[in-house]
Amino acid sequence: PPKPAALTDLETGEPVTIHAGSCRWNAHRQRWIMIANQVGGKPSYLGEVWYAEAAAPTGPWSKARRIATHDRMDFYNPVHHDFLDQDGGRVIHFEGTYTNTFSGNPDTTARYNYNQIMYRLDLDDPRLAGVRAAP
């Protein structure tokens with residue numbers, strides 16, 4: 001079966017090479033969901049965050065949607081904190097490390113560089129519909 005590295009961008013069909021992330025069961029979607037960052041992405045080499053779904057934790061994983069981008073910055077080791085899920089898992093939270101360390105960008109973001117940033121994601125957002133995995 002395809003591995004997470006076999007993900008493709010829902011919009012472009014381009015391959016998405018996963019660096020790190022987390023996989024959790026989601027009661028609302030009745031699927032396993034993955035929040036992961038891409039290595040070799042654009043506009044950020046290590047700052048693009050993707051969402052994907054599968055019927056099993058081992059996949060198969062296929063289509064993914066970019067859910068966060070960090071232009072010329074890094075955002076790595078994203079983790080979905082399922083204990084913060086709201087509305088039966090419809091709304092999820094994930095966080096990761098934000099920095100310029102590996103980006104080659106000499107500029108930092110005051111008060112944010114090398115800190116954790118939390119995001120909130122509504123899984124009923126229609127832009128996520130295309131990643132729905134078969135049962």
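What the table below lists for this structure:
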| quantity | calculated |
| --- | --- |
| Per residue, in Å², the accessible surface of the chain once ligands and nucleic acids are set aside, probe 1.4 Å | 53 Å² |
| Among 45-56, 100-111, the order from most to least packed when residues are scored by Cβ within 10 Å on average | 45-56, 100-111 |
| Over segment 59-135: Rg over Rh, Cα atoms, Kirkwood Rh | 1.04 |
| Enclosed volume per residue, in Å³, of the convex hull spanned by Cα atoms of the chain | 97 Å³ |
| Charge sum, other residues only, whose C-beta stays under 14 Å from residue 91's C-beta, Lys/Arg counted +1 and Asp/Glu -1 | -2 |
| Label-zone membership for segment 111-129, site residue 81, 7 angstrom Cα→C-beta point, backbone N under 16 Å | 115-122 |
| Segment 34-101 - Rg and Dmax from Cα coordinates, angstrom | 12.7, 37 |
| Span from the segment 20-43 Cα centroid across to the segment 56-72 one, whole angstrom | 5 Å |
| Relative contact order, percent, the chain [alpha-carbon distance under 8 Å, six or more residues apart] | 22 percent |
| Shape parameters for segment 3-76, alpha-carbon atoms, Rg then Dmax in Å | 11.7, 35 |
| Electrostatic dipole magnitude of the chain [Cβ: Lys, Arg +1; Asp, Glu -1; Cα centre; debye, to 20] | 220 debye |
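The values are calculated or read from the model by the stated rules, or taken from the named source; none is laboratory data. Quantities reported herein were computed from a predicted structural model and do not represent experimental measurements. Positions of Cβ are backbone-derived with ideal geometry, glycine not excepted, and every protein chain shown enters the neighbour counts. These area figures cover heavy atoms from the full protein model, side chains too; ligands, DNA and RNA do not enter into them. Shrake-Rupley method; radii C 1.70, N 1.55, O 1.52, S 1.80 Å.
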